[in-house]
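Note sheet for the following structure.
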Amino acid sequence: MEDSQKPDLMDKIVSLCKRRGFVFQSSEIYGGLRSAYDYGPMGAELKRNLMSEWWRFMVHSREDVVGIDASIIMRPEVWQSSGHLANFSDPLVDCKVCGERFRADKAPRKAEGEDAPITLGDKGRAKAAQEKLTEAGVKLQRDGTTLNGAKAGAAGYVCPNCGSPFLSDERRFNLMFRTSLGPVDPIGDVVDIVRKAMAEGADDKALRAKVEGALAASSVYLRPETAQAMFVQFLNVQQSLSLKVPFGIAQMGKSFRNEVTAEHFIFRSCEFEQMECEYFVPPGEGPKYLDYWMNERMKWWRSIGIKVDNLRFRKHDDDELAHYSDGCYDVEYKFPWGWDELEGIASRTDFDLKAHAAGSGKKLTYFDPEAVDPETGKPGRHYVPHVVEPAAGATRGVLAALCDAYDEEPADAEGKGARTVLRLHPRLSPIKVGVLPLVKKDGMPEVARKVVEAFFGAGVNAKYDEQHAIGRRYARHDEVGTPYCLTVDTQTLQDETVTIRYRDDRRQERIKIADAVDTVRKALTETT
Ligand code: GAP
């Protein structure tokens, strides 16, 4: 697809996702839930295939990485030690004119008094707000979807929805979802505290601190990243398998962040899936393994069919780096709205293991009998391993795969009609083979069902499909990215052959039914 066709690509993808059962809005019949999504029959397969490919590449294709599957709820001390309780927050601001709540660090930034042109957000609310602003003497001019004339206030930005400089102070908003574990009633505790504090005449600040304290005592958090369990279980994993550094622990699964700005469909949502690996290395070897993992990870994104031109690295500037990190790169994808992050690859020094050792009082060190202790010069060395972390988004990967694969073909001179086709890598495709009887009679459905069963037996996801004319069935399979369709027709009944149709060029040829499973299986492995 040409770049010029891309501005409305996201709308087309969102529409295809709903129409063909990839992604639905969560709780849609009740009005939908902001920034939460359900993966439908096609989306569940696509996400699962993408994550299986990651596991195959990261865990099953190397000796030095093992996988775990940890719980989503962890003790609050984990998040205390990791720094998430204190620091995992966004600066939140409310617009006093239109009521928009937004992230200060994402707002259009300008020095005080300078023009800050903004792209209009919620049109209805923005319009009402502009009327109020005009009344207050702030004149804004609209140019299409851009609003000019907004002047930044002392904070250095304006409301991204309506352009107002009338804003609340910034507050830190922790992104972790808090809940409680066990038969506790935090509300009951809070009511008691409030009653007592009111009787004592406590001020707001003191009351807030007491309520926070009561909630914290019974709180647990949904994990905001899969990473921490791999640090916390470092010793168990290392000792149970007698692993030698360097080695990695990999995990994939759900993470939760109460994102202030959920955006771009499934790109940034509150519940999402990550695929992370913590690779433990000897002190001083972080930069070497950072290079290694950058190469490996880029190789993987390409291996699942993402176009080379749509992938790049972005080096983090020094002021972006966490204080403990000595290098970090993002793998970025060229989404329809521009380059954005798919994966972060960071050299994290020994920060994580040291933080959990300090928090838990447990020694999280490794003993290498073959190394020489640099201080004593004697054989045998105890040290805290350093970590390199490739941390990818699975749900973001799904969106990148959809954007990359989406294509529209106009009708051509040979009479091939216009179509929408998802050119997914066959290993990602939700359905690998569509098996289609040409008509619903003359024994064709029976033969087609036998062909499907042969694929079931071989562990290849095939689907029997007899609804509508054959052209519509091909079009439906093109739209969900099915790489191969097998058609059972009159000739099949005579010579036990079927037509195989290739999604990408619509080429057709005849193959024997007896060879169908092997032909497709071979094609699936050849494309890796
Ligand atoms: N352990 C490091 C870590 O979690 P991160 O950059 O915050 O690093 C890693 O997250 C990846 O997880 C990101 O590159 C992105 O692909 C994905 N991710 C993060 N927040 C997300 C969200 N709200 N929605 C979807 N994916 C998200």
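The values are calculated or read from the model by the stated rules, or taken from the named source; none is laboratory data. Nothing here was measured: the structure is a model prediction, and the numbers come from that model. Positions of Cβ are generated from backbone atoms using ideal geometry, with glycine treated the same way; all protein chains shown enter the neighbour counts.
Counting only helices (runs of 4 or more DSSP H) that fall entirely inside region 22-95 and contain at least 2 residues that are free of Cβ contacts under 8 Å to residues at least 12 places away in the same chain and out of contact with any strand residue (DSSP E or B) (no Cβ under 6 Å at 6 or more places or on another chain), the qualifying elements are 41-55, 84-87.
Among the candidates 364, 353, 399, the residue that is modelled with pLDDT of 95 or more and out of contact with any strand residue (DSSP E or B) (no Cβ under 8 Å at 6 or more places or on another chain) is uniquely 364.
Within region 480-495, one or more residues are on the phi > 0 side of the Ramachandran plot, under 30 Å from the mean Cα position of the chain (by Cα) and not polar (S, T, N, Q). Of note, residue 457 satisfies the criterion of being among the small types (Gly, Ala, Ser) and over 30 Å from residue 19 (Cβ atoms). Figure legend. Inter-residue proximity from region 331-344: first residues under 15 Å from residue 277 (Cβ atoms), second residues within 13 Å of the ligand (Cβ to nearest atom) and in a loop (DSSP other than H, G, I, E, B), beta-carbon distance below 6 Å, spacing 6+ or different chains. No pairs are indicated.
Each row is one residue, and each column tells you yes or no for (1) out of contact with any Leu (no Cβ under 9 Å at 6 or more places or on another chain); (2) not hydroxyl-bearing (Ser, Thr, Tyr); (3) not assigned by TED's automatic domain parsing to the domain that holds residue 352.
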position: 205; (1), (2), (3): yes, yes, yes
position: 213; (1), (2), (3): yes, yes, yes
position: 237; (1), (2), (3): no, yes, no
position: 241; (1), (2), (3): yes, yes, no
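Of the candidates 109, 142, 125, 103, the single residue that is exposed (fewer than 15 other Cβ atoms within 10 Å of the Cβ) and under 33 Å from the mean Cα position of the chain (by Cα) is 109. Select from region 358-390 the residues that are under 19 Å from residue 78 (Cα atoms) and within 16 Å of the ligand (Cβ to nearest atom) and write down the one among them that is surrounded by the fewest Cβ atoms within 10 Å (Cβ to Cβ). Here the answer is 389. Looking across region 115-156, the residues that are in a strand (DSSP E or B) and either over 17 Å from residue 99 (Cβ atoms) or free of Cβ contacts under 8 Å to residues at least 40 places away in the same chain (or both) come down to 115, 119, 141, 142, 143, 146, 147, 148, 151.
Looking only at residues in region 234-278 that are more than 15 Å from the ligand (Cβ to nearest atom) and of a type in the set (S, T, N, Q), the one that is surrounded by the fewest Cβ atoms within 10 Å (Cβ to Cβ) is 242. Strands (runs of 3 or more DSSP E) fully within region 414-528 that include at least 2 residues being crowded, with 16+ Cβ neighbours inside 10 Å: 419-422, 433-437, 462-464, 484-488, 497-502. Against the conditions (1) farther than 27 Å from residue 400 by Cα; (2) away from the ligand (no atom under 15 Å from the Cβ); (3) modelled with pLDDT of 95 or more, residue 214 satisfies every one except (3). Within region 326-350, being more than 30 Å from residue 402 (Cβ to Cβ), within 15 Å of the ligand (Cβ to nearest atom) and surrounded by fewer than 19 Cβ atoms within 10 Å (Cβ to Cβ) holds for one residue alone: 327.
Every condition in (1) buried (at least 19 other Cβ atoms within 10 Å of the Cβ); (2) farther than 30 Å from residue 373 by Cβ; (3) away from the ligand (no atom under 11 Å from the Cβ); (4) aliphatic (A, V, I, L, M) holds for residue 308 except the one numbered (1). Within region 8-21, the set of residues being at pLDDT 95 or above and either at positive phi or outside any helix (DSSP H, G or I) (or both) comprises 20, 21. Pairs meeting the criteria (first residue in region 217-233 and farther than 18 Å from residue 394 by Cα and more than 14 Å from the ligand (Cβ to nearest atom), second residue among the small types (Gly, Ala, Ser) and at pLDDT 95 or above, beta carbons under 7 Å, at least 6 apart or on different chains) are 233/70.
Just checking, does region 476-487 include any residue being at pLDDT 95 or above, in contact with a helix residue (DSSP H, G or I) (Cβ under 8 Å, 6 or more places away or on another chain) and over 26 Å from residue 410 (Cβ atoms)? Yes, that holds for at least one residue. Condition (residue is assigned by TED's automatic domain parsing to the domain that holds residue 232, touching a Ser or Thr at 6+ places or on another chain (Cβ under 8 Å) and modelled with pLDDT of 95 or more) applied to region 82-103: is it met by at least one residue? For region 82-103, residues assigned by TED's automatic domain parsing to the domain that holds residue 232, touching a Ser or Thr at 6+ places or on another chain (Cβ under 8 Å) and modelled with pLDDT of 95 or more: absent.
Have a look at 295, 310 and point out the one that is over 25 Å from residue 230 (Cβ atoms), over 15 Å from the mean Cα position of the chain (by Cα), in the same structural domain as residue 53 (by TED's automatic domain parsing) and of a type in the set (S, T, N, Q). That would be 310, the only listed residue that is over 25 Å from residue 230 (Cβ atoms), over 15 Å from the mean Cα position of the chain (by Cα), in the same structural domain as residue 53 (by TED's automatic domain parsing) and of a type in the set (S, T, N, Q).
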